[in-house]
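To start, the structure itself, in structure tokens.
The values are calculated or read from the model by the stated rules, or taken from the named source; none is laboratory data. Because the structure is predicted, anything quoted here is derived from the model rather than measured. All Cβ positions, even for glycine, are placed from backbone atoms using ideal geometry, and neighbour counts span all protein chains on display.
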Amino acid sequence: MKPTPITNQSARQFPLVDYHYHTATLGRVSGRCVKAPKSFHDISRDYFDIEANHDFLSEAAVFATLIITAAMPIVAVASAVLQLCRMLPL
């Protein structure tokens, strides 16, 4: 609870503050963490056991598509470099 200022309406000065203000104490409170019902490891294990299996095939197909799409320019560059090496007079 905040202290209430005591002021005189006609006076032009700062409000008086109660300097003997004390915060409320909470009984039986400690700074220890509360034991969570499930750890992060248990939550992630549950996710990977149940939900991740449903999306595996679609994610694997998307990953394979990305790998093939990224590999095509690399193969094209390698082919162009080999043709350039064949054309150079050595």
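Taken as a whole, the condition of being exposed (fewer than 10 other Cβ atoms within 10 Å of the Cβ) and either polar (S, T, N, Q) or at pLDDT below 80 (or both) applies to H54. E59 fulfils the conditions (1) modelled with pLDDT of 70 or more; (2) surrounded by fewer than 10 Cβ atoms within 10 Å (Cβ to Cβ) except for a single criterion, (2).
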